[in-house]
1. From the list 18, 25, exactly one residue is over 15 Å from residue 83 (Cα atoms) and in a helix (DSSP H, G or I). Which is it?
2. Among (1) in contact with a helix residue (DSSP H, G or I) (Cβ under 9 Å, 6 or more places away or on another chain); (2) farther than 29 Å from residue 89 by Cα; (3) modelled with pLDDT of 80 or more; (4) loosely packed, with under 15 Cβ neighbours inside 10 Å, which single condition is residue 5 missing?
3. Contact list please: Cβ distance under 9 Å, first residue in the stretch 100-113 and at positive phi, second residue surrounded by 13 or more Cβ atoms within 10 Å (Cβ to Cβ), pairs at least six apart or on different chains.
4. When the stretch 91-117 is examined, which residues are found to be modelled with pLDDT under 90 and more than 15 Å from the chain's Cα centre (by Cα)?
5. So for the stretch 54-73 (the condition being in contact with a helix residue (DSSP H, G or I) (Cβ under 6 Å, 6 or more places away or on another chain), at pLDDT below 95 and farther than 20 Å from residue 118 by Cβ), does at least one residue qualify?
6. Being farther than 11 Å from residue 79 by Cα and either touching a strand residue (DSSP E or B) at 6+ places or on another chain (Cβ under 9 Å) or in contact (Cβ under 8 Å) with a residue 60 or more places away in the chain (or both) is the filter here, so list the residues in the stretch 28-37 that pass it.
């Protein structure tokens, strides 16, 4: 399986996981000049920008540890563009991370709600 196929599989798994918990998918892989957001979802009255991270092994850290500040800034900028493009400035926004660790046949999924914020 290629890295892209593995990433797509992880995003589908994360999306299904979140939908089972009441979130509604708005778009996948939203691209802008500064980056990409894996999943844009709606949870109650909030837009949720979701970063999906997968790690088969934790030799170099867990999936959660791979969302460094630089990556957060890129996601935030892309989310701001999404909100501008969809006229959603008056909507609450949240940044979540779904971490998938372990082998594909028995993954551990962790949902970090409000994992980071616009202001820092």
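1. Details: 25 fails: in a helix (DSSP H, G or I).
Every option except 18 fails the conditions.
2. (1)
3. 102/55; 102/56
4. 102, 103, 104, 105, 106, 107, 108
5. So far as the stretch 54-73 goes, yes, one or more of its residues are in contact with a helix residue (DSSP H, G or I) (Cβ under 6 Å, 6 or more places away or on another chain), at pLDDT below 95 and farther than 20 Å from residue 118 by Cβ.
6. Of everything in the stretch 28-37, those that are farther than 11 Å from residue 79 by Cα and either touching a strand residue (DSSP E or B) at 6+ places or on another chain (Cβ under 9 Å) or in contact (Cβ under 8 Å) with a residue 60 or more places away in the chain (or both) turn out to be 28, 29.
The values are calculated or read from the model by the stated rules, or taken from the named source; none is laboratory data. Nothing here was measured: the structure is a model prediction, and the numbers come from that model. Every residue, glycine among them, receives a Cβ derived from its backbone with ideal geometry; neighbour counts consider all protein chains shown.
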